[in-house]
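A quick write-up on the structure given underneath.
Computed from the coordinates by the stated procedures, all read-outs in this text should not be read as laboratory data. Source: prediction; values computed, not measured. All Cβ positions, glycine included, derive from the backbone under ideal geometry; neighbour counts span all protein chains shown.
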Amino acid sequence: MNAIPLGGAVTLLVLLPNLAAVFFPPRKQLEKPGKPDPKQLQLFTVLERIGQVACFVLPFFYRLAFSSVIRGIALAVMALVLAVYYAGWVRYLVLGQDEALFYRPLLGIPLPMAVMPVLYFLAAALLLGSFWLLLAAILLGVGHIQVTRMNAPGD
């Protein structure tokens, strides 16, 4: 058997650490020096939300298959990216639930808490063999990374 009906695990694994924000909300809120352009923010937020919904829902319609080298590599990339994403959440919890930690580089990666989920879903599109998930991940990337950048504290 080379396919199992657990495509939804892709979504659940990336959402799981977000429960930390529910149970451990930021103790220190960001002071944002300026406000982003509302029209630009609205546009990118719409793209982000469309991408999020599609990325969260689509995997439930696929079976995990490990029948090729490409899919094996995609799974390895997903595991590595997820480990970095989880490390970002651990950093947030251990260092006092400071909202600014969501924006600080991790392992040299800028905006890691926005970039890692996008990379994860791009790799998931390969693992699941889903063109639609690939498109959703691209929308998520355009929206989520830009919204995060626009809301990031100034240096």
*Which peptide among 82-88, 54-60, 13-19 comes first, and what is the full order, when sorted by highest mean count of other Cβ atoms within 10 Å?*
54-60, 82-88, 13-19
*Over segment 50-135, consider all pairs of different Cα atoms and compute the Kirkwood hydrodynamic radius from their mean reciprocal separation; express it in Å, one decimal.*
13.8
*What is the log10 of I(q)/I(0) for segment 17-97, computed with the Debye formula using one identical point scatterer on each Cα and no solvent, at q = 0.15, 0.17, 0.18, 0.22 Å⁻¹?*
-0.91, -1.07, -1.12, -1.17
*Hey, can you list the DSSP H helices of the chain whose Cα span along the axis is 24 Å or longer and whose average Kyte-Doolittle score is at least -1.0?*
38-57, 69-94, 131-151
*What's the center-to-center distance, using Cα atoms, between segment 49-73 and segment 89-148 in Å?*
15
*Considering the chain, what Rg and Dmax in Å follow from its alpha-carbon atoms?*
16.2, 55
